[in-house]
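This report concerns only the one structure given below.
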Amino acid sequence: MAEREIVKEYGREGLAVIWKPKKCIHSEVCVKTLPEVYKPDKKPWIHAGNASVESLVEQIDRCPSGALSYRLTKQDKELKSKNKSMSQKVEVTPNGPLMVHGEIEIKMVDGSTETKKRTTAFCRCGASDNKPFCDGGHRKIEFEDS
């Protein structure tokens, strides 16, 4: 029997923040970017009403694992068009994953393809159990750039 994925939603007017804990690699991008929203020591840990919809969208689009996503609860054409025009950018994080920002298509070893529309974290250390994606395994092996 397949394990059911846990999905939690935290709403505010205009937006629902969606969190999938099993995908989280604990990069802390969310906490460092919007500490008034993300409070890991509290329950609930996400307080979506403490930031604007635009600030939340910008931060969530930077989530390296895709554990955070959002659903606009009101039509906001400006936000949607801004996100569609995101160009690709590649960033090497110190002692961590390769971050690819923007929409990309990934061809897997088995020939299948997967499209990622936001920021995607790719494993650089070889320790991920979710290759080619990062799952935070670099911390366990204390991966360091040469």
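The values are calculated or read from the model by the stated rules, or taken from the named source; none is laboratory data. Bear in mind the structure is a predicted one, so any value in this text is a computation, not a measurement. Note that we place each Cβ from the backbone using ideal geometry, even for glycine, and neighbour counts take in every protein chain shown.
Which of the numbered conditions does LYS140 fail, given that it passes all the others? Conditions: (1) closer than 16 Å to SER65 by Cβ; (2) modelled with pLDDT under 85. Here LYS140 clears every test but (2).
Remark: pairs (first residue in the stretch 109-131, under 20 Å from GLU91 (Cβ atoms); second residue polar (S, T, N, Q) and surrounded by 14 or more Cβ atoms within 10 Å (Cβ to Cβ); Cβ separation under 6 Å; 6+ apart in sequence or on different chains) = ALA121/SER65. Please specify each residue of the stretch 46-76 satisfying the condition of being surrounded by 15 or more Cβ atoms within 10 Å (Cβ to Cβ), modelled with pLDDT under 95 and either within 10 Å of the chain's Cα centre (by Cα) or in a loop (DSSP other than H, G, I, E, B) (or both). Matches in the stretch 46-76: GLN59, ILE60, ASP61, ARG62, CYS63, PRO64, SER65, GLY66, ALA67, LEU68, SER69, ASP76. Of everything in the stretch 77-95 that is assigned to a loop (DSSP other than H, G, I, E, B) and not hydrophobic (A, V, I, L, M, F, W, C), the residue that is modelled with the lowest pLDDT is SER85. Taking the criterion of being surrounded by fewer than 17 Cβ atoms within 10 Å (Cβ to Cβ) and at pLDDT below 90, the only residue of the stretch 117-128 that qualifies is LYS117. Within the stretch 14-41, residues that are under 22 Å from ARG139 (Cβ atoms) have Cβ atoms under 8 Å from residues that are among the acidic types (Asp, Glu) in these pairs: TRP19/GLU9; LYS20/GLU5; LYS22/GLU5; ILE25/ASP135, counting only partners at least 6 apart in sequence or on another chain.
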